[in-house]
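Each remark here refers to the structure printed beneath this line.
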Amino acid sequence: MSTKDPQIKSYINLVRPKHWLKNILVFVPLLYAHNLTKPNLLFLTIQCFVSFCLISSVIYIINDIADVEKDRQHLVKCKRPIAAGQLSIKGAIAAAVILSVLGFFLSIFGFNSYLTFIFIASYALLNFAYSFILKHQPLIDCFAIAAGFVLRIYAGAAASESPVSEWLFLTIVSVSLFMAFGKRRGEIIKVHDTNATRAVLSSYDVGFMNGIIFVCAGLSIVFYALWALSNHALMIYTVPLIIYIVCKYLMIIHDKQAHGDPIGTILGNRGLLLALLIFGISSMMLLYMKGV
């Protein structure tokens, strides 16, 4: 194995490709507006997805650079390429610049309006603010995370020229807050010295987190059910599956060994992942069935 191979692996870890799964949200407006079968809109949405993947990786790199010292004191984050000394800060900055140019170029090229670029640029600015300011503010940190998911939805809507209903907006907000507070809860339980790793954690306690998580979980189910009723008659039959998914997620993140990271939680549990796949497949079948 050449000496360059470990470095290539470190760069791959730096951009966190598994977290690109979050950007699948850009396809939601396309799917629910019954535009999935339109090749031109599908292509533009894929382009939007790739752009988000590149820009989100830039955000992760900048965040790792900003938090390098605190990450070195964290049980898990100390293994990140910069914190572990596998990559230099100069090399990470160079990677961020290249990805930024590619990502923003894709967010402009080929779209009928600049709205897609505006939403992606807003996402980047929000996350810059999060990395240096917002993540230190209690509650605001979790709402900033939720705003990032909402911007993904609206970027996908702009790319595919598909509307976002009020109930879909509220569903995404509540689900995003549900996962954000769940992540914070996991960090509180796992990290003993909160000031050394993330000072904002000292503003929260597990009791508060348990309460707000269950509130957001309940709202997620209610808002989704209302969206299903208003969007397509047959989609109401997916609500029991959503209830199961939410309950399964709650069960997992309340385990004492859980870290609360949404992607890690989903990919680390086959039952939850299978339920999500069944939900996705059944949603497409119900939405695109002829004659209904």
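Just so you know, all these numbers are worked out from the coordinates, no wet-lab data involved. For clarity, every value in this text was computed on a predicted model and none was experimentally measured. Cβ placement follows ideal geometry from the backbone for every residue including glycine, while neighbour counts extend to all protein chains displayed.
Ranked by the mean number of other Cβ atoms within 10 Å of their residues, highest first, the peptides 37-44, 64-71 fall in the order 64-71, 37-44. Seen from G268, the other residues with C-beta closer than 14 Å to its C-beta sum to a net charge of +2, counting Lys and Arg as +1 and Asp and Glu as -1.
Per-residue extension of 0.36 nm, minus the Cα-Cα distance of S230 and M289, leaves a gain of 19.5 nm for this segment. Compared with the rule-of-thumb size 2.2 N^0.38 Å for a compact globular protein, the stretch 1-96 has a Cα radius of gyration ratio of 1.35. Note on the stretch 117-231: semi-axes of the ellipsoid equivalent to its C-alpha gyration tensor, largest first and rounded to whole Å, are 28, 20, 7. Mind grabbing the base-10 log of I(q)/I(0) for the stretch 73-113 at q = 0.15, 0.19, 0.21 Å⁻¹? Debye formula, identical points on the C-alpha positions, no solvent, two decimal places. Here log10 of I(q) over I(0) equals -0.54, -0.66, -0.71. What ratio of Cα Rg to 2.2 N^0.38 Å holds for the stretch 10-161? For the stretch 10-161, the normalised Cα radius of gyration is 1.09.
Pairs over the 26 Å Cα-Cα cut-off, from the set K9/K256; K77/K135; K18/K38: K9/K256; K18/K38. Note that the stretch 99-109 has calculated 3J(HN,Hα) couplings of 5, 5, 4, 5, x, 6, 4, 5, 6, 9, 5 Hz, one per residue in order, obtained from phi through the Karplus relation 6.51 cos²θ - 1.76 cosθ + 1.60 (θ = phi - 60°); glycine and proline are x.
Computed over the chain, the alpha-carbon pair-distance distribution with 5 angstrom bins reads 1, 5, 11, 15, 17, 17, 15, 10, 6, 2, 1, 0, each value a whole percent. Three semi-axes describe the equivalent ellipsoid of the stretch 165-292; taken as square roots of 5 times the Cα gyration tensor eigenvalues and ordered largest first, they are 32, 16, 10 Å. For the pair K70 and V97, the difference between a 0.36 nm per residue extended length and the Cα-Cα distance amounts to 7.4 nm. For the stretch 226-240, the Karplus equation 6.51 cos²θ - 1.76 cosθ + 1.60, evaluated at θ = phi - 60°, returns couplings of 5, 5, 4, 5, 7, 8, 7, 3, 6, 5, 4, 6, 8, 4, x Hz by residue, with Gly and Pro reported as x. Rounded to the nearest 0.05, the FRET efficiency derived from the C-beta distance between E166 and D5 at R0 = 45 Å is 0.35.
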